[in-house]
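**Student:** Can you keep this structure in mind? I'll have questions shortly.
The values are calculated or read from the model by the stated rules, or taken from the named source; none is laboratory data. Predicted model only: the values in this text are computed from it and were never measured. No Cβ is skipped: glycine too gets one built from the backbone with ideal geometry, and neighbour counts run over all protein chains shown. What goes into the accessible areas is simple: the full protein's heavy atoms, side chains included, and nothing from ligands, DNA or RNA. Shrake-Rupley method; radii C 1.70, N 1.55, O 1.52, S 1.80 Å.
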Amino acid sequence: GKGGGKAGPKGKGGGPALGAAKAKAKAKAEPTKPKIQPRKKVKGLHWAPLIYGSKDFQKGLTIWDSVPEFSDLLPLDILDDSFGVTTKAAAAPKQEEKKEEKKGPDRIRVVTGADVQTWEMTLRSCPKPQECYDAIMELDEDKLTLEQTKALAKCGVPDEGQMQMLSSMRSAMPDVPLAMTEQYMWSLGNMPAVHSRIECWIVCREVGDAAGFLIEKLRSAEYPIDCVVQSSAFPKLLATFLAVGNYLNGGTPKGQADGFQLPDLKQGYAFKDTKGRPLTQCIFEIFYMIDPAGFHQLVQDFAPALWNIKRSANIKDGTMKVVKQMRGNMEDLVAPIKQLENDFKKAQAKMQELVKSITDDSDVFKVVAPKMFEKGAALVNEMTTLREQCENKFKAMCDFLKAPPGTKSDDFFVELLDEFFVPSDKLASLDATKLRELGKPCFMSGKTFTARDLLMFWDVIQFDEKELLTQVRKDVPDIVPLPP
């Protein structure tokens, strides 16, 4: 008909397409996550929540798409305890005032204060209490790691007083559940001799790694001793030093020496010739002239001993100072070795006592623990024997070389030997180029240095950056069996 107005173009004006789009745009974004209802009134956190579908927050564009869901993992006891809000009930008319009944605890606890959160977080990595109980009884390392076992020993095993409190509280409140830590305490506390079982198991599992580590350290301290004593080239170095010293003292009673005290090696860098060159430079130059192969053999022989010294730079106020430290020092190993020996002996005695008290011949601990301690005892004995062997070898070496009484490994290997070969002051005084191309890569990188490196260091041969690149330096020196 003619009476009606004309319809607007499709999609414009008040058409249905535009109306639907506006309605969709105005629609409020709805949360997709389930609604959470706290178990008690808690303190609210004022933040700006993001809801998928809202303006400027769409799926597939932000880090939140890869954020996992942890709601089911929350420690609700801790949250309720930390953020719970106690509300005051409305006051009733005085005439109808009644004493409010005291509510009992919602969880049985014997651990209080700050320890609650700390202990629960520590135990959270452990399996369930019954699974822990079974793993300890079966000494099953696949079900309970060493770290988990230590966590249980620290936080999950009750002392006598805590166990008595748990028993009393459970009897008085049979319907109140145990808190998290107390669940472990109750389960493990009912295990016969639980403290001894866990302590012995931990020691057995630790002794292998601990003894192995100390044995490796002892060997790194022993081999340099053998290398020095059995070096075929070391006597030639001493011969060169002795000959030069007798010559310099010629015409005096000191010029006919058959030997010299090892601390005299310290003069190698301090004593200078008329041109300001250190005595060691002269010694190495003459030794290399007399016997080039012997000089190379000397550096090869001493590689384990010199590699055992870690040299590092300490720069303060623009000045570099070289700090030296032994990788394997016998004196530093004495205390941890004795501590491990004592701990193992105590645990072994406790194990033997416990085995005697167990009447059930099928108890895994009674069957397996003695065998575990046999393996541990073998490692501890190997460690003890090696320690005594190292001490005896070092003393014999000092006697053989006429070192001063009371010489320690640091005194010999760092202060005498390494300071003769690579003096700290000389290393620190290298110019920028030599320090970058020679000092750091050859003597401060943790690698072995070569005879050619040492000759360039002492300016016996010309410094050659290209040749330095061709030298083969090893991360660890070759360890070959030495003759007895």
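**Student:** Between their Cα atoms, which of 41/128; 345/408; 154/310; 316/447; 321/434 are more than 27 Å away from each other?
**Tutor:** Over 27 Å apart, Cα to Cα: 41/128; 345/408; 154/310.
**Student:** Could you check how much of the accessible area of region 197-345 is carbon and sulfur, as a whole percent, using a 1.4 Å probe?
**Tutor:** 54 percent
**Student:** Excluding ligands, DNA and RNA, what is the solvent-accessible area per residue of region 114-191 at a probe of 1.4 Å, expressed in Å²?
**Tutor:** That works out to 52 Å² per residue.
**Student:** So, one more: Could you provide, to the nearest whole Å², the per residue accessible area of region 243-334 with probe 1.4 Å? Display every interim value, and only then the final one.
**Tutor:** Working: 5400 Å² over 92 residues.
That works out to 59 Å² for each residue.
**Student:** Let me have the relative contact order for region 320-418, percent, based on Cα pairs under 8 Å that are six or more residues apart. Write down the numbers at each step before the final one.
**Tutor:** Numbers: 27 pairs, mean separation 45.7, N = 99.
Rounded, it is 46 percent for region 320-418.
**Student:** Using a 10 Å cut-off on Cβ atoms, rank the peptides 384-392, 266-274 from the highest mean neighbour count down.
**Tutor:** Top to bottom by mean Cβ count within 10 Å: 384-392, 266-274.
**Student:** What do you get when you divide the Cα radius of gyration of region 169-220 by 2.2 N^0.38 Å, with N the number of residues?
**Tutor:** Dividing the Cα Rg of region 169-220 by 2.2 N^0.38 Å gives 1.95.
**Student:** Then there is this: What's log10 of I(q)/I(0) for region 369-448 at q = 0.11 Å⁻¹, Debye sum over Cα points only, no solvent?
**Tutor:** Summing over Cα pairs of region 369-448 leads to -0.56.
**Student:** Hey, how much of the P(r) for region 114-191 falls beyond 16 Å, as a percent of Cα pairs?
**Tutor:** Everything past 16 Å amounts to 48 percent.
**Student:** Identify, among 176, 220, 203, the residue whose Cα sits farthest towards the positive end of the charge dipole of region 164-227, taking +1 on the Cβ of Lys and Arg and -1 on the Cβ of Asp and Glu, with the dipole about the Cα centre.
**Tutor:** The one lying farthest along the dipole's positive direction is 176.
**Student:** Express the accessible area of region 337-484 per residue in Å², computed with a 1.4 Å probe while the remaining protein chains stay in the model. Kindly include the intermediate steps, with their values, before the conclusion.
**Tutor:** Values: 8130 Å² over 148 residues.
Using a 1.4 Å probe on heavy atoms only, each residue of region 337-484 averages 55 Å².
**Student:** With no solvent and one point per C-alpha, what does the Debye sum give as log10 I(q)/I(0) for region 275-405 at q = 0.17 Å⁻¹?
**Tutor:** For region 275-405, the Cα-only Debye profile gives -1.12.
**Student:** For region 366-484, calculate the relative contact order in percent as a whole number, restricting contacts to Cα pairs under 8 Å that are 6 or more residues apart.
**Tutor:** On the way: 42 pairs, mean separation 18.4, N = 119.
Answer for region 366-484 is 15 percent.
**Student:** With only Lys, Arg, Asp and Glu charged, each at its Cβ (+1 for the first two, -1 for the last two), find how big the charge dipole of region 114-191 is about the Cα centre; round to the nearest 20 debye.
**Tutor:** That gives region 114-191 a dipole magnitude of about 180 debye.
**Student:** While we're looking at this one, here's another question. Once you list every other residue whose beta carbon is under 12 Å from the beta carbon of residue 470, what net charge do they have if Lys and Arg are +1 and Asp and Glu are -1? Kindly include the intermediate steps, with their values, before the conclusion.
**Tutor:** Numbers: positive: 452, 466, 473; negative: 453, 464, 465, 467.
That sum, taken over residues with Cβ under 12 Å, equals -1.
**Student:** Another question, then. Normalising by the residue count of region 261-373, find the relative contact order in percent from Cα pairs under 8 Å and 6+ residues apart.
**Tutor:** 10 percent
**Student:** Moving on to the next point. Rolling a 1.4 angstrom probe over the protein chains, ignoring ligands and nucleic acids, what is the accessible area of residue 195 in square angstrom, nearest 10?
**Tutor:** Approximately 100 Å² of residue 195 is accessible to the 1.4 Å probe.
**Student:** Taking the mean number of other Cβ atoms within 10 Å as a proxy for protection, how do you rank 405-416, 240-251 from highest to lowest?
**Tutor:** Descending packing order for the listed peptides: 405-416, 240-251.
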